[in-house]
Amino acid sequence: MLELRLVQGSLLKKVLEATKDLVTDANFDCSATGFSLQAMDSSHVALVALLLRSEGFEHYRCDRNISMGMNLNNMSKMLKCAGNDDIITIKGDDGSDTVTFMFESPNQDKISDFEMKLMDIDSEHLGIPEAEYHAIVKMPSSEFQRICKDLSSIGDTVVISVTKEGVKFSTRGDIGTANIVCRQNKTVDKPEEATIIEMNEPVSLTFALRYLNSFTKATPLSESVTVSLSSELPVVVEYKIADMGYIRFYLAPKIED
Amino acid sequence: KASQGRLESFFKPV
């Protein structure tokens, strides 16, 4: 028996919008810790890891660990039928091949339930160890989105370099080149507008802009984004989900032949 | 020319 009641149902809608273009099918895992997902894109270049902690739900009942395979496009179709202010409850029964999404309007005058077929998915989980990163950049998520979008009109890849000067995003394409440098800036009105650069050592890595642009679909989930870089690891692009957890995207770098 | 890395080169399956 599974019953998860999320008062801020729009969070789940936003999570689906952030993941459905990257991953087609995924197993949602439910345990005492929370509602989570780990899935790679079809080319095994990018990975999404989601955690919505159990404490963030108004009601969280998960009698035993359960994994539910869902087609994210179909799940998105169903969640789009929920209003932005609706409370969403996810319900499942042991051994059932369906999951039910219940939507309640804020004043309880409309209650809908949508039953979706589950699917068997052979998921490949990767072990992601805790790591020390060479540099961690925290910046407004809208700024990161803007940079990725702007650069992708010039080139296909971006070199992200962190030095003590700041973080530089560079691209080149047929029409020319572009460089955007963001310096640390803590003198802002609100903390989420700050750009904070923690650098243990300089680092420079190349990534496909197509994936970074896909990650920025999570921008509505958080005012700020954290980009963690290490020369030996995939980049981590993390959006914190207030009071609940996070959505993290991992992207393997381009490697010089 | 740079080639695209794969996640399995960095993380092991569990």
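Which strands (runs of 3 or more DSSP E) does segment A:111-214 wholly contain that include 2 or more residues that are closer than 15 Å to A:Val236 by Cα? Write out each step before concluding.
Values: elements: A:111-117, A:135-140, A:157-163, A:166-173, A:176-182, A:196-199, A:203-208.
Correct list: A:135-140, A:157-163, A:196-199, A:203-208.
Of A:Asp29, A:Asp41, A:Asp21, which residue is among the charged types (D, E, K, R), out of contact with any Gly (no Cβ under 9 Å at 6 or more places or on another chain) and without any contact (Cβ under 8 Å) to a residue 40 or more places away in the chain? It would help to see each step written out before you state the result.
On the way: A:Asp41 fails: without any contact (Cβ under 8 Å) to a residue 40 or more places away in the chain; A:Asp21 fails: without any contact (Cβ under 8 Å) to a residue 40 or more places away in the chain.
Result of the check over A:Asp29, A:Asp41, A:Asp21: A:Asp29.
If I ask for residues that are charged (D, E, K, R) and either more than 14 Å from chain B (Cβ to nearest Cβ) or more than 17 Å from A:Leu212 (Cβ to Cβ) (or both), which ones from segment A:122-157 would you list?
First, pick out the residues of segment A:122-157 that are charged (D, E, K, R): A:122, A:124, A:130, A:132, A:138, A:143, A:146, A:149-150, A:156.
Those that are charged (D, E, K, R) and either more than 14 Å from chain B (Cβ to nearest Cβ) or more than 17 Å from A:Leu212 (Cβ to Cβ) (or both): A:Asp122, A:Glu124, A:Glu130, A:Glu132, A:Lys138, A:Glu143, A:Arg146, A:Lys149, A:Asp150.
Check whether at least one residue in segment A:77-94 is at pLDDT below 95 and among the charged types (D, E, K, R), and report yes or no.
yes
Residue under question is A:Asp109, and the condition is that it be loosely packed, with under 15 Cβ neighbours inside 10 Å, of a type outside the set (A, V, I, L, M) and more than 21 Å from the chain's Cα centre (by Cα); does it hold?
On the way: loosely packed, with under 15 Cβ neighbours inside 10 Å: yes; of a type outside the set (A, V, I, L, M): yes; more than 21 Å from the chain's Cα centre (by Cα): yes.
It is true that A:Asp109 is loosely packed, with under 15 Cβ neighbours inside 10 Å, of a type outside the set (A, V, I, L, M) and more than 21 Å from the chain's Cα centre (by Cα).
Quick check on my filter: what residues within segment A:226-257 are out of contact with any Gly (no Cβ under 8 Å at 6 or more places or on another chain), at the interface with chain B (Cβ under 7 Å from one of its Cβ atoms) and within 23 Å of A:Val15 (Cα to Cα)?
The one that is out of contact with any Gly (no Cβ under 8 Å at 6 or more places or on another chain), at the interface with chain B (Cβ under 7 Å from one of its Cβ atoms) and within 23 Å of A:Val15 (Cα to Cα): A:Tyr250.
Exactly one condition in (1) among the charged types (D, E, K, R); (2) surrounded by fewer than 17 Cβ atoms within 10 Å (Cβ to Cβ); (3) in a strand (DSSP E or B) is not met by A:Asp29; state its number.
All conditions pass for A:Asp29, except number (2).
What residue, of A:Ala49, A:Ala82, is in contact (Cβ under 8 Å) with a residue 12 or more places away in the chain, within 14 Å of chain B (Cβ to nearest Cβ) and not in a helix (DSSP H, G or I)? Spell out how you get there, then give the answer.
Numbers: A:Ala82 fails: within 14 Å of chain B (Cβ to nearest Cβ).
Criteria check complete, one pass: A:Ala49.
Output the residues belonging to segment A:231-257 that are in a loop (DSSP other than H, G, I, E, B) and under 17 Å from B:Glu8 (Cβ atoms). Write out each step before concluding.
The first filter runs over segment A:231-257 and keeps only residues in a loop (DSSP other than H, G, I, E, B), leaving A:231-234, A:242-244, A:252-253, A:257.
Selection gives A:Glu232, A:Leu233, A:Pro234, A:Ala252, A:Pro253.
Return the pairs, sorted by first residue and then second, in which the second residue is at pLDDT below 95 and loosely packed, with under 11 Cβ neighbours inside 10 Å, the first residue lies in chain B and is at the interface with chain A (Cβ under 7 Å from one of its Cβ atoms), the beta carbons are less than 6 Å apart, and the residues are 6+ apart or on different chains.
Hits for this filter: B:Lys1/A:Asp257; B:Ala2/A:Glu256; B:Ser3/A:Asp257.
In segment A:55-65, how many residues are crowded, with 18+ Cβ neighbours inside 10 Å and assigned to a helix (DSSP H, G or I)?
Restricting attention to segment A:55-65, the residues satisfying the condition of being crowded, with 18+ Cβ neighbours inside 10 Å are A:56-57, A:60, A:62.
When the remaining residues are screened for being assigned to a helix (DSSP H, G or I), the result is A:56.
Selection size over segment A:55-65: 1.
The values are calculated or read from the model by the stated rules, or taken from the named source; none is laboratory data. It should be emphasised that the depicted structure is a prediction, and the values quoted were computed from it without experimental measurement. Every residue, glycine among them, receives a Cβ derived from its backbone with ideal geometry; neighbour counts consider all protein chains shown.
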